[in-house]
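The structure under discussion appears below in the form of C-alpha cells.
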Amino acid sequence: MFDAVVIGDANIDLVVVGCSEVPSPGQEVYVDKMMMHVGGGAALFAISLAKLGVQVAFNGVLGNDSHGQYIRQRFAEYGIDTRMIGTSDTEQTGISIAFNPDSDRSFITYAGTNAELRVEKLNLSEIAQGRHVHVTGYKGRRNHEQYVALAKGLKEKGLTLSCDVGWDESGEWDKSVFELMSYFDVFLMNETEALHYTRMDNVEESIKLMGSLARNIVVKLGGEGAISMKEGILTRLPAYTVEAVDTTGAGDSFNAGYLYGFLQGLDAAECLRYGNACGAMSVSAFGGSTGTPDLAGLKAFIEGYEQKQAVQ
C-alpha cells in the first residue's frame, strides 16, 4: 500500500540561467549556467511529497531512453515506486527548456511521452493500492468525461482525491470544470486560473463560488500566499518572504506541503502554512524540487521564520 499515487507528467527540465534573449539565426549566446533536473508538475509534486516522508508511487509514461532512465533513477533515490510507469515504444521522454531572465521565465517544451498518458486506460485496481490519488493533466472538454469517469471510479474504491487543474492552453476555460471539482477532496489552482474559470476579478468571490460546489478549494496567490475554502470556511495565509532565484515548480511544492497536511488530518490553516513554506523553500534554489525540504527542514524553516518575525 502507498500513501499516495501521483498520476501525470514527468520530463526533463533544462534550466538555462543568465539568458535574457533567444539567439538570432547564426548567433551564439553564452549563459551563466545550464542544469538538468526532473521536471513536470506531477513529477515535481511526487518528489516534494516523498521528501516529506510520504510513501509515493508514480503513474505516467516515459521513453525507452537515457532521459527516462534518469527520471526513474531520481524517483528511486527518493523512494518513489516506479512500477506503474509505462514505457513508450514510439516517443522519447519529454524535455522542457526553461530560460530564467531577470523579468520572467520562458519555456520551449517537447511533450514527448507525456502526450501518451490516457487516464481512461489506467488500471484502477492497481492505483487503488494507494489511499490517496493526485491527478494532473486535465484539459477541459478535450478529456473532461475521462477525468470524471476516473474520479468516480476511484471514489467508488474508497480513495481520497486531489487535482491541480493547471493552465488551459486552449483558452476556453470551460465551465465543466465545476462538475469535475465536485468529485475531489482537494482541488488546487493558481489565482489566474481561478479568475479565468469563474469569470471574476476578485479571488475571494471566485473561491466562494467554487467552494459552494466542492469540499475544499485551494488557490495559490504567489507572493501573496494562498487561500482556501473548506466546507464553507474561508482561510487565508500570507506567504513567507524569501529571496527567489527560480520559481519553477513552486506551485507543485506548495501542493506537496498542503497535501502532506491534508493526509495528516491537519486543519486548513496548518495545511496552508505547510504549503506556503514548501513553496518558499522551493524558489530559493534552481530546479523545481531542489529546494524542497524534508519534514524536519520544513518544520525548522517555519519555526525559525516565525521566531524571527516575533522579534522584529
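Points worth noting:
- Relative frequency of Cα-Cα separations exceeding 32 Å in the chain, percent: 24 percent
- With K and R counted +1 and D and E -1, the other residues having a Cβ less than 10 Å from that of Ala115 yield a net charge of -2.
- Cα centroid separation - region 153-176 against region 188-257, whole Å: 16 Å
- Hz values of 3J(HN,Hα) by residue in region 217-229 - Karplus curve (6.51, -1.76, 1.60), Gly and Pro given as x: 9, 10, 10, 8, 10, x, x, 9, x, 7, 9, 9, 10
- Semi-axis lengths (Å, descending) of the ellipsoid that matches the C-alpha gyration tensor of region 67-177: 25, 22, 14
- Relative to the current alpha-carbon distance between Leu14 and Asp294, full extension at 0.36 nm per residue lengthens the span by 98.4 nm.
- Taking amide hydrogens as placed 1.01 Å from N in the peptide plane, the amide H of Ala10 sits under 5 Å from those of Val61, each at least 5 positions away in sequence or on another chain.
- The fraction of accessible area contributed by carbon and sulfur in region 148-201 is 47 percent, rounded to a whole number (1.4 Å probe; ligands and nucleic acids excluded).
- The heavy atoms of Tyr147 offer some 10 square angstrom of accessible surface to a 1.4 angstrom probe.
- Pairwise Lys count, region 49-184 - Cα closer than 26 Å, eight or more residues apart or different chains: 11
- Carbon plus sulfur fraction of accessible area for region 1-95, probe 1.4 Å, in percent: 46 percent
- Additional length obtainable on full extension of the chain from Thr82 to Met36, 0.36 nm per residue less Cα span: 14.5 nm
- Cβ-based net charge around Val203, under 12 Å, with every Lys or Arg adding one and every Asp or Glu removing one: -3
- Sequence-distant aspartates and glutamates (8 or more away, or on other chains) whose Cα lies within less than 17 Å of Lys308: Glu243
- Solvent exposure of the chain, expressed per residue, is 45 Å² of accessible area, with all protein chains present and a 1.4 angstrom probe.
- Residue-level accessible surface for Val54, protein heavy atoms, 1.4 Å, Å²: 20 Å²
- For region 25-128, convex hull volume per residue from C-alpha positions, Å³: 153 Å³
- Between the amide H of Met84 and those of Phe58, distances stay under 5 Å, these residues lying 5 or more places away or on another chain, with hydrogens modeled in the peptide plane.
- Phi-derived couplings, Karplus 6.51 cos²θ - 1.76 cosθ + 1.60 at θ = phi - 60°, listed residue by residue for region 185-192: 7, 9, 10, 10, 7, 9, 4, 4 Hz, with x used for Gly and Pro.
- For region 165-312, the percent of C-alpha pairs falling in each 5 Å distance bin, counted from 0 to the bin holding the largest distance, reads 2, 10, 19, 22, 19, 14, 9, 3, 1, 0.
- Taking the charge dipole of the chain about its Cα centre, with +1 at Lys and Arg Cβ atoms and -1 at Asp and Glu Cβ atoms, the residue from Tyr183, Leu62, His144 reaching farthest to the positive side is Tyr183.
- Accessible area, probe 1.4 Å, largest first, for residues Thr113, Thr90: Thr90, Thr113
- Region 94-154 pair-distance distribution - Cα-Cα, 5 Å bins, rounded %: 4, 14, 20, 17, 15, 12, 9, 7, 3, 0
- With each label modelled as a point 7 angstrom along the Cα→C-beta vector, the Ser212-Phe178 pair spans 0.8 nm.
- Each Cα pair under 8 Å and six or more residues apart adds its separation to the average, and for the chain the resulting relative contact order is 16 percent.
The values are calculated or read from the model by the stated rules, or taken from the named source; none is laboratory data. Note that the coordinates shown come from a computational prediction; the quantities given were computed from them, not determined experimentally. Note: ideal-geometry Cβ built from the backbone for every residue, glycine included; neighbour counts use all protein chains shown. Heavy atoms of the whole protein, side chains included, go into the accessibility calculation; ligands, DNA and RNA do not. Shrake-Rupley method; radii C 1.70, N 1.55, O 1.52, S 1.80 Å.
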